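Engineer: Quick one: the structure is below, questions incoming.
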Amino acid sequence: MGPRSERGFTLIEVMTVVAIMALATAIAIPSYQAWYAKAKLKSALLELSSNMNMARSVARNRNQTITVTVALTNGRVMATYTAPTSTSAACLADAKACAMETQVMPAEVTAIGGTTQFQFNSLGLRVGGGTANQALQLMDRAGLSYEIQVTPAGRIRWCTTSPCT
């Protein structure tokens, strides 16, 4: 009888595979984290844009002015939607004072810039701000900035670049 052939992996082979996997993971994690933060920022932007369009419709349906206020409150970016008889602070204190549900942005949205308050009248038009578009920027920790623009006619568009081009 000849020598028995042993099948399996040596310790060196197993350790080499583990080292390669660890290296690949170390390279992939920062890319994943950046992608995740970018996706959360875009998701918040899309939801805010949609909610602002809804606020415009609510203003027309209720025949009253609706105010959208985006603010940094207790370390979180929030959007409140109020009627003329209420304020953003009252809305945050009591949900019944809101014209629509308050939007709390994900923690990845860390800053805002530009115009932070918009009003839509009973015709769905933007109130105030002159004839130029008004813009609101949402930013993350890495400095990535997305923008929402509101025209004097009340139309809302968003861009993944700031300023919108």
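The values are calculated or read from the model by the stated rules, or taken from the named source; none is laboratory data. This structure is a prediction, so every number in the text was calculated from the model and none was measured. Backbone-built Cβ (ideal geometry, glycine too); neighbour counts: all protein chains shown. All accessible areas refer to the heavy atoms of the entire protein, side chains included, with ligands and DNA or RNA removed. Shrake-Rupley method; radii C 1.70, N 1.55, O 1.52, S 1.80 Å.
Engineer: So what J values fall out for region 113-123 if you push phi through Karplus, 6.51 cos²θ - 1.76 cosθ + 1.60 with θ = phi - 60°, rounded to Hz, Gly and Pro as x?
Structural biologist: After applying 6.51 cos²θ - 1.76 cosθ + 1.60, I find x, x, 6, 10, 9, 10, 10, 10, 8, 5, 9 Hz.
Engineer: Sticking with this one: Across the chain, where is the longest run that never hits trypsin sites (Lys or Arg not before Pro) in a DSSP loop with at most 11 other C-beta atoms within 10 Å? Could you put the intermediate results ahead of the total?
Structural biologist: Working: sites that count: Arg4, Arg7.
Between the exposed loop sites, the longest stretch runs 8-165.
Engineer: What fraction of the Cα pairs in the chain, stated in percent, has a spacing above 27 angstrom?
Structural biologist: Beyond 27 Å sits 40 percent of the P(r) for the chain.
Engineer: Quick one: work out Rg over Rh on the C-alpha atoms of region 85-165, Rh as Kirkwood radius. Walk me through the numbers before you get to the answer.
Structural biologist: Details: Rg = 14.2 Å, Rh = 14.2 Å.
Over the Cα atoms of region 85-165, Rg/Rh equals 1.00.
Engineer: Sticking with this structure for a sec: Mind listing which GluC sites (Glu not before Pro) in region 1-72 are in a DSSP loop and have 10 or fewer other Cβ atoms within 10 Å? Intermediate values should be presented prior to the final figure.
Structural biologist: Numbers: sites: Glu6, Glu13, Glu47; in loops: Glu6.
For GluC sites (Glu not before Pro) across region 1-72 that sit outside H, G, I, E and B with at most 10 neighbouring Cβ atoms in 10 Å, the list reads Glu6.
Engineer: Measure nothing fancy, just the Cα-based angle from helix 11-62's long axis to the longest principal axis of the chain, in degrees from 0 to 90, nearest 10.
Structural biologist: Taking Cα atoms only, the helix is inclined about 10 degrees.
Engineer: Where only protein heavy atoms count, and the probe is 1.4 Å, what is the accessible area per residue for region 1-128 in Å²? Before the final figure, lay out each step's value.
Structural biologist: Numbers: 8110 Å² over 128 residues.
Result: 63 Å² per residue.
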